[in-house]
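> Please read through the structure below; I'll follow up with questions.
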């Protein structure tokens, strides 16, 4: 898993959209968009993190093949995306159940699924 160190403000340990933004905007080629009152982070047209309108849920890119295992391992944290999104590599997390370290891993891994591999190696010093 890819995890850069980001200095989060003291907000009682709760992950916020501002925390995700602070991390996501440091990742190369990321742009932020507001679409139908929902914050989304993407690479060109590919969305890799998206929030519900009330910002209580964070959807993120995640391999379909591993999705059921992730949800089964932590059902209090993760859930399936809406039926219309099941065809995509996507999972949804409850923001009030995420810790900062896990959020960093999920956001960075989602980003890594959407960019050329040379950028992943460059950003995280991998070979």
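> Label points 7 Å out from Cα along the Cβ direction at residue 113 and residue 17: separation in nm?
Placing both labels 7 Å along Cα→Cβ, they lie 2.2 nm apart.
> Let's test the formula: R0 of 30 Å, r as the Cβ-Cβ distance of residue 29 and residue 73. What FRET efficiency results, to the nearest 0.05?
Rounded to the nearest 0.05, the efficiency is 0.50.
> Please compute the contact order of the chain in relative form: average sequence separation of alpha-carbon pairs under 8 Å and at least six residues apart, divided by the residue count, as a percent.
28
> Using mean Cβ contacts within 10 Å as the protection proxy, how do 60-68, 101-109, 29-37 order, highest first?
Ranked from most to least packed, the peptides come out as 101-109, 60-68, 29-37.
Read-outs: derived from the displayed coordinates by stated rules, not from any lab. This structure is a prediction, so every number in the text was calculated from the model and none was measured. Cβ atoms come from the backbone with ideal geometry, glycine included; neighbour counts cover every protein chain shown.
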